[in-house]
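First up is the structure itself, then whatever we jot down about it.
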């Protein structure tokens, strides 16, 4: 089998890229190690930057998002029992974010791909990438016990942090930057109405908490916990009791509790791999970078990567190599700004045991400045809704 672009991974990065290439009449085959149900079963965040919303519209998959998603004009930050609103619309000239679950976005992309009759190979096992440093790269995989070879012009590594693409790059050709945090987020998903119309980020002496949502009837809550904690030690009742301790009285009065649909602990990590291009193979999304979820940047960075990558491929087949040559530099400028913002938000809003008393007081002073200064609120708002692309 032959295609122009072999995409490894059917998460949002790979699916958005496939859809953008389809719109440009560029052939692409997606290989995914898991089943469609497994892909849809991944519980992830769903706060989309304005530029990500625009990109999904460009890809032709934004209709249900606009019909069912929840546009948000701001967020609230809870400090010592008092909420401070960050007005995105007023501070950024009208920009919003869209709350739309990643599962639903993935479903939209999978259905669009199936409706168009495009090739996606699920349960592709033993995937390996070859000759990406030459002129004729290929991907080998096993499907139903049969070995296959997919010849291509380019390989797009959209296969996540633990995927094969980045792991196939020689250690001498790549540099990794990483910061691990001593805490994780214990998340609980429930079929209960949200506690508020906008997200509440709580800074509390017991640890960070976040009140989020997926729809008007489904909520997602998070608690900062030590990495030593086990999910099985957290009953639903224990979770709700601890959440109440970290919220203010109005939120507690509005909080509707219920049984957990899903409960998990996600570690906090910052990670960047440089560069993001290796000959004819390109990394995108979690394959190249991870951010702590505090700044809502993971899915949005994946979308911005494949925006740059799709345009690079379109330029290539139009006769120009500029997009391909500049792909890594363009992505990494945006990646590092998002990494900085996510690191900054995480440090401001969490309480970490390795923070000395002076630094903790300085962080509290900085957070106080941010919420009480228009310049501080604008900085937060501009980064949260998404910085403009640097084409």
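Of the residues 14, 93, the single one that is touching a strand residue (DSSP E or B) at 6+ places or on another chain (Cβ under 6 Å) and either closer than 30 Å to residue 151 by Cα or exposed (fewer than 14 other Cβ atoms within 10 Å of the Cβ) (or both) is 14.
Comparison of 76, 68 shows that the only residue that is out of contact with any helix residue (DSSP H, G or I) (no Cβ under 8 Å at 6 or more places or on another chain) and either at pLDDT 95 or above or more than 19 Å from residue 388 (Cα to Cα) (or both) is 76.
Going through segment 227-243 one residue at a time, which ones are over 17 Å from residue 267 (Cα atoms) and not in a loop (DSSP other than H, G, I, E, B)? Within segment 227-243, 236, 237, 238, 239, 240, 241, 242, 243 meet the criteria.
Of the set (1) under 18 Å from residue 283 (Cβ atoms); (2) in a loop (DSSP other than H, G, I, E, B); (3) in contact (Cβ under 8 Å) with a residue 40 or more places away in the chain, all apply to residue 162 but (3).
Tell me the residue from 5, 39 that is touching a residue at least 24 places away in the same chain (Cβ under 8 Å), closer than 26 Å to residue 124 by Cβ, out of contact with any strand residue (DSSP E or B) (no Cβ under 9 Å at 6 or more places or on another chain) and crowded, with 20+ Cβ neighbours inside 10 Å, please.
Values: 5 fails: out of contact with any strand residue (DSSP E or B) (no Cβ under 9 Å at 6 or more places or on another chain).
On inspection, the qualifying residue turns out to be 39.
Counting the residues of segment 276-289 that are over 20 Å from residue 51 (Cβ atoms), outside any strand (DSSP E or B) and either in contact with a helix residue (DSSP H, G or I) (Cβ under 8 Å, 6 or more places away or on another chain) or without any contact (Cβ under 8 Å) to a residue 60 or more places away in the chain (or both) gives 1.
All of 266, 254, 273 fail the test of being more than 15 Å from residue 183 (Cβ to Cβ), in contact (Cβ under 8 Å) with a residue 60 or more places away in the chain and either in contact with a helix residue (DSSP H, G or I) (Cβ under 8 Å, 6 or more places away or on another chain) or exposed (fewer than 14 other Cβ atoms within 10 Å of the Cβ) (or both), apart from 273.
The values are calculated or read from the model by the stated rules, or taken from the named source; none is laboratory data. It should be emphasised that the depicted structure is a prediction, and the values quoted were computed from it without experimental measurement. Cβ: placed from backbone, ideal geometry, glycine included. Neighbour counts: every protein chain shown.
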